[in-house]
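Structure first, commentary second.
The values are calculated or read from the model by the stated rules, or taken from the named source; none is laboratory data. Since the structure is predicted, the reported quantities are computational estimates derived from the model, not experimental observations. Every residue, glycine among them, receives a Cβ derived from its backbone with ideal geometry; neighbour counts consider all protein chains shown. Only protein heavy atoms, including side chains, enter the accessible area calculation; ligands, DNA and RNA are left aside. Shrake-Rupley method; radii C 1.70, N 1.55, O 1.52, S 1.80 Å.
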Amino acid sequence: MILCVADVLDAEQLAALRRDLDEDSHFRDGRETAGWHARQVKANQQADGQAPVVRQWSERLGEAIRRHPLFQMAARPARMTPVRFSRYRSGMHYGNHVDDPVMGGATPVRTDLSFTLFLEAPEDYDGGELVTDTTAGEQRYKLPAGAMILYPSSTLHRVEPVTRGQRRVAIGWVQSQVRDPAAREILFDLDTARRGLFEREGKSETFDLMSKSLANLQRMWVEV
């Protein structure tokens, strides 16, 4: 399941974050955080997570993502890596790769899900599409500023070269309470249907049965 989540950040938050990321000294060669094989295809810049302003935004944005109800329903997060910030200027790109299965150093996270939160308006830069390689073929994503795509970390993907402007994004990885992606999708669909039913009919016998089934499926599949 690949899911696009709108309005994770509002216009005021985006403007403040972009201003703080305008300082060039915050960014380093992105290859420093890539595996040995990914370094061959990675050409971007990554914000220094030790810089105080970057660390503050990482924590603030991580909390905003964790609180988003659609993210909670789809990811059912157990743990997350700290949010990172990447920058692509003209000519920069990231070739085909699969994210590492475990990240986080001293506090390892199994990477079940990856996310990319777009920080620039799509009309402000050319190129830079996130391309996922799925059984349905290649899918291209270039979302509005403040929107996020959530996708399985097992997905082969790339970032197309930027040819004008700059592409800035926030990225991170999630270990889900539900390891099986098919089970996560069933829970997401059932929860979505349950909420829709409640909006139409309120608390009913059917709603209670759906809620019971959702809770019991989670008992079968959740790892805590």
So, first residue more than 9 Å from G127 (Cα to Cα) in the stretch 151-163, second residue aromatic (F, W, Y) and open to solvent by 10 Å² or more (accessible area, probe 1.4 Å), Cβ within less than 7 Å, six or more apart or across chains; the pairs are S153/W173; R158/Y94
Across (1) without any contact (Cβ under 8 Å) to a residue 40 or more places away in the chain; (2) touching a helix residue (DSSP H, G or I) at 6+ places or on another chain (Cβ under 6 Å), V178 clears everything bar (1)
Filtering the stretch 148-165 down to residues that are crowded, with 19+ Cβ neighbours inside 10 Å and in a loop (DSSP other than H, G, I, E, B) yields S153
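Residue-wise test of (1) out of contact with any Lys or Arg (no Cβ under 8 Å at 6 or more places or on another chain); (2) of a type in the set (K, R); (3) under 26 Å from A51 (Cα atoms).
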position	(1), (2), (3)
L70	yes, no, no
A75	no, no, no
T81	yes, no, yes
D99	yes, no, yes
A106	yes, no, yes
V109	no, no, yes
F115	yes, no, yes
- prompt: under 30 Å from A11 (Cα atoms) and loosely packed, with under 15 Cβ neighbours inside 10 Å - does that describe any residue in the stretch 168-188?
  reply: no
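Tell me, which strands (runs of 3 or more DSSP E) lie completely within the stretch 11-118 with 1 or more residues that are in contact with an Asp or Glu (Cβ under 7 Å, 6 or more places away or on another chain) and open to solvent by 20 Å² or more (accessible area, probe 1.4 Å)?
Here the list reads 27-29, 45-47, 93-97.
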Counted residues in the stretch 132-145 being surrounded by 15 or more Cβ atoms within 10 Å (Cβ to Cβ) and in a strand (DSSP E or B) come to 3
Within the stretch 172-182, residues among the hydrophobic types (A, V, I, L, M, F, W, C), within 30 Å of Q46 (Cβ to Cβ) and outside any loop (DSSP other than H, G, I, E, B) come out as W173, V174
Quick count over the stretch 65-96, residues being over 12 Å from the mean Cα position of the chain (by Cα), farther than 18 Å from A193 by Cα and among the hydrophobic types (A, V, I, L, M, F, W, C), is 2
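One line per residue, one yes/no per condition, for (1) in a helix (DSSP H, G or I); (2) within 14 Å of A75 (Cα to Cα):
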| residue | (1), (2) |
| --- | --- |
| R184 | yes, yes |
| G196 | yes, no |
| R200 | yes, no |
| M210 | yes, no |
| Q218 | yes, yes |
| E223 | no, yes |
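Please work out if L119 is closer than 18 Å to Q166 by Cβ, of a type in the set (A, V, I, L, M, F, W, C), touching a helix residue (DSSP H, G or I) at 6+ places or on another chain (Cβ under 7 Å) and at pLDDT 95 or above.
Details: closer than 18 Å to Q166 by Cβ: yes; of a type in the set (A, V, I, L, M, F, W, C): yes; touching a helix residue (DSSP H, G or I) at 6+ places or on another chain (Cβ under 7 Å): yes; at pLDDT 95 or above: yes.
So L119 passes the test.
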Checked pairs for the stretch 84-99, first more than 19 Å from L119 (Cα to Cα), second open to solvent by less than 30 Å² (accessible area, probe 1.4 Å), C-beta under 6 Å and 6 or more apart or across chains, list as H97/A38; D99/T111; D99/S114; D99/S153
